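Written below as C-alpha cells is the structure these notes are about.
The values are calculated or read from the model by the stated rules, or taken from the named source; none is laboratory data. Please read these numbers as outputs of a predicted model, since none were measured by experiment. Here Cβ is always computed from backbone atoms with ideal geometry, including for glycine, and neighbour counts include all displayed protein chains.
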Amino acid sequence: MGFLSSLFGGGNPIDTFSVDELKVTEIQLNKKIETIHAEVRRIDQEVQRTYDLAKESSSKSEEVSYARQIKTYLQKKEMKLSSLAQIDKDLQAVSNILILKEREKDLPADVVRKLKKINPEKMESYLIGKKLDTMDDDAQINAIIDMTSGTMEVGVEAEDDLGDILDTIRAGKEGAAHASPDTVKSQKKELE
C-alpha cells in the first residue's frame, strides 16, 4: 500500500481530503524533510569529529573503534537519506494531488469522473513521477488529462510498447532494411 492509499484509507484522494487538509499534510511532510536534513547534518558533524579523533589515536585498536563508530554513523545517515527519498516522493504526490484538486474546476466533467475512478495506488505512482508544480497551466491540465487516458487506467505505461518499434527503427538505420519487430527481437536475443 502506497503513501496516498494509507493516507486516504484506500479511497480516492480527490474525494477524501479537502484542499486545506492537503496543505496541512504538505506542511507536515516539509517539516519532516527539514528535520531529516538537520539529522543528516548532525550525523555528518559526528562523522567528521570522530574522524578527527581517529587521526589523533595512538593505537590500532583505537583506530578500529573509531572506524566502527564512523561506519555506524554512515549507516544511520544512509537510513535517513532513504527515508528522505521516500518522504520526497510522498510530498511530490501530495503536492500534485493539491494541484489536481485546485485545477478540478478547469477540467472537463468526464475527466473528473474518470479521475475519481482511478485506483489510488496507480494514481500515486503516476503523480510521484510528475512535477505539476513546475508546469504551466496548460501543461498541468494536459498531464492531468493524460492520467485518465486508457493506457493509465489499465496500468500500462504509455512508453512500454515503443521499445520494439524503436529497436526496429534503429535496426533499419543501421542497414537492416525491412526488419520486423520479431526479427529485431530474435537478433537482440542472439546478441545477449
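Within segment 94-117, not a single residue is surrounded by 13 or more Cβ atoms within 10 Å (Cβ to Cβ), assigned by TED's automatic domain parsing to the domain that holds T16 and at pLDDT below 65. Checked against (1) closer than 30 Å to E39 by Cα; (2) touching a helix residue (DSSP H, G or I) at 6+ places or on another chain (Cβ under 6 Å), P120 passes all but condition (1).
For the condition part of a helix (DSSP H, G or I), in contact with a Phe, Trp or Tyr (Cβ under 6 Å, 6 or more places away or on another chain) and in the same structural domain as T35 (by TED's automatic domain parsing), D90 qualifies. Within segment 15-71, the set of residues being touching a helix residue (DSSP H, G or I) at 6+ places or on another chain (Cβ under 8 Å), charged (D, E, K, R) and surrounded by 12 or more Cβ atoms within 10 Å (Cβ to Cβ) comprises K23, E26, K32, E39, D44, E46, E62, E63. T16 meets each of the listed conditions (1) out of contact with any Gly (no Cβ under 8 Å at 6 or more places or on another chain); (2) more than 30 Å from K71 (Cα to Cα); (3) at pLDDT below 95; (4) polar (S, T, N, Q) apart from (1).
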